[in-house]
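Working notes for the structure below.
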Amino acid sequence: MKPLTHCTLCGSGNLRPVLSTRDYVVSGENFDIIECNECEVRLTTPVPEPDEMDRYYESDKYHPHSSGGFSLSDIIYKVVRGIMVGKKRRWIERFTGVRGGRLLDIGCGTGEFAASMRDGGWDVSCVDSSENARKIAKDRFDLEVMPPQVWLEQDCGPFDAITFWHTLEHVYNPEFYLYRARSQLTEKGCMFIGVPNFTSHDAQTYGDQWAAWDVPRHLTHFSPTAMERLLDRCDLSLRNMRGLPYDAYYVSLLSAKCSEQNSLSALFTGFFSNRKAGADKKWFSSLIYMVRPKSNDEG
């Protein structure tokens with residue numbers, strides 16, 4: 001592992017400590033969260049080397065790469081995922097104005113969303129770093145999922161829509177991923193980026209025990225300001241932003257487990273997170289950023 005001395009997004013050495021937390025899912029190891037005073041992104045430090053990172057995903061408790069368990073959080077995760085696949089499809093078709101186009105799902109996990117889009121008439125390509133998740137997606141949905149290095153080396157576009165559902169926070173170089181994705185959009189194509197939001201009410205409530213820090217799997221942590229600055233550097237324009245209200249309940253339940261609080265208090269936290277977000281989106285637990293290349297702003 002290596003401690004960070006410079007921001008991995010803007011390169012600034014002007015960093016400040018924010019909090020210390022630990023890996024509540026797999027290792028129990030301690031990590032720090034620091035903030036760049038220039039671009040306001042938050043970062044996990046120290047950073048595991050790529051060949052070390054796999055072991056932090058090797059747990060049945062890590063829902064996106066597993067076939068699922070039967071705990072309350074497992075059940076809620078599966079129910080919410082089922083609800084959201086339909087909502088995401090409607091958002092994509094409404095925002096792009098396309099039905100049955102080409103979709104690239106980066107960080108597809110076990111393939112539920114990609115399979116739903118395929119079944120809705122879309123030509124779907126998928127990317128995921130987890131060998132186990134790729135196998136589940138193949139066995140369960142007959143999806144062929146590329147490892148990231150294959151996608152990064154191939155020109156498999158253009159796509160009408162490219163999705164990063166809770167993916168960008170996991171990658172070592174978010175800026176490179178966005179540039180690469182941007183180059184594979186159609187002229188009117190759009191990107192949809194869903195990430196946790198550290199300015200949310202639930203993040204403020206749980207502090208270092210907020211489950212969406214999810215160290216060290218989450219390397220980069222975003223606020224609306226930090227995301228807009230990253231998009232600007234990637235020549236991308238934010239066109240719309242939506243909250244993910246169900247995430248507030250799910251993340252609060254996981255956070256309550258980390259802090260040994262009861263589930264009822266977590267549900268109240270999720271409720272108040274969404275209630276505050278009704279007045280200001282910065283309070284949403286997670287946000288979806290709908291973006292287009294700046295050159296297509298007139299579209």
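The values are calculated or read from the model by the stated rules, or taken from the named source; none is laboratory data. Nothing here was measured: the structure is a model prediction, and the numbers come from that model. Backbone-built Cβ (ideal geometry, glycine too); neighbour counts: all protein chains shown.
Computed values, structure above
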item	result
Identity of the residue in the range 1-33, assigned to a loop (DSSP other than H, G, I, E, B) and without any contact (Cβ under 8 Å) to a residue 24 or more places away in the chain, that ends up nearest to Lys257 (Cα to Cα)	Gly28
Among (1) surrounded by 21 or more Cβ atoms within 10 Å (Cβ to Cβ); (2) farther than 18 Å from Gly207 by Cβ; (3) at pLDDT 90 or above; (4) not polar (S, T, N, Q), the one test that Pro293 misses	(1)
Which listed residue is farther than 21 Å from Asp23 by Cβ and either touching a residue at least 40 places away in the same chain (Cβ under 8 Å) or out of contact with any Phe, Trp or Tyr (no Cβ under 8 Å at 6 or more places or on another chain) (or both), from Arg217, Arg233	Arg233
Only one of Gly68, Gly82, Gly109, Gly86 that is modelled with pLDDT of 90 or more and of a type in the set (Gly, Ala, Ser)	Gly109
Matching residues in the range 134-169 - criterion: being assigned to a helix (DSSP H, G or I), in contact with a Phe, Trp or Tyr (Cβ under 9 Å, 6 or more places away or on another chain) and surrounded by 15 or more Cβ atoms within 10 Å (Cβ to Cβ)	Pro148, Leu168, Glu169
Conditions (1) at pLDDT below 95; (2) assigned to a helix (DSSP H, G or I); (3) surrounded by fewer than 23 Cβ atoms within 10 Å (Cβ to Cβ); (4) under 20 Å from the mean Cα position of the chain (by Cα): number failed by Ser129	(2)
Qualifying residue in the range 263-274 (condition: surrounded by fewer than 19 Cβ atoms within 10 Å (Cβ to Cβ) and under 21 Å from the mean Cα position of the chain (by Cα))	no
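Here is a yes/no grid of residues against (1) part of a helix (DSSP H, G or I); (2) closer than 22 Å to Met84 by Cα; (3) polar (S, T, N, Q):
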{"residue": "Arg239", "(1), (2), (3)": "no, yes, no"}
{"residue": "Leu264", "(1), (2), (3)": "yes, no, no"}
{"residue": "Leu267", "(1), (2), (3)": "yes, yes, no"}
{"residue": "Arg275", "(1), (2), (3)": "yes, yes, no"}
{"residue": "Ala279", "(1), (2), (3)": "no, no, no"}
{"residue": "Met290", "(1), (2), (3)": "no, yes, no"}
{"residue": "Ser295", "(1), (2), (3)": "yes, no, yes"}
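Listed here are the residues, each with its yes/no results for (1) under 27 Å from Met53 (Cβ atoms); (2) modelled with pLDDT under 95; (3) of a type in the set (A, V, I, L, M, F, W, C).
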position: His221; (1), (2), (3): yes, no, no
position: Leu230; (1), (2), (3): yes, no, yes
position: Asp247; (1), (2), (3): yes, yes, no
position: Leu254; (1), (2), (3): yes, yes, yes
position: Ser259; (1), (2), (3): yes, yes, no
position: Ser265; (1), (2), (3): no, yes, no
position: Phe272; (1), (2), (3): no, yes, yes
position: Asp280; (1), (2), (3): no, yes, no
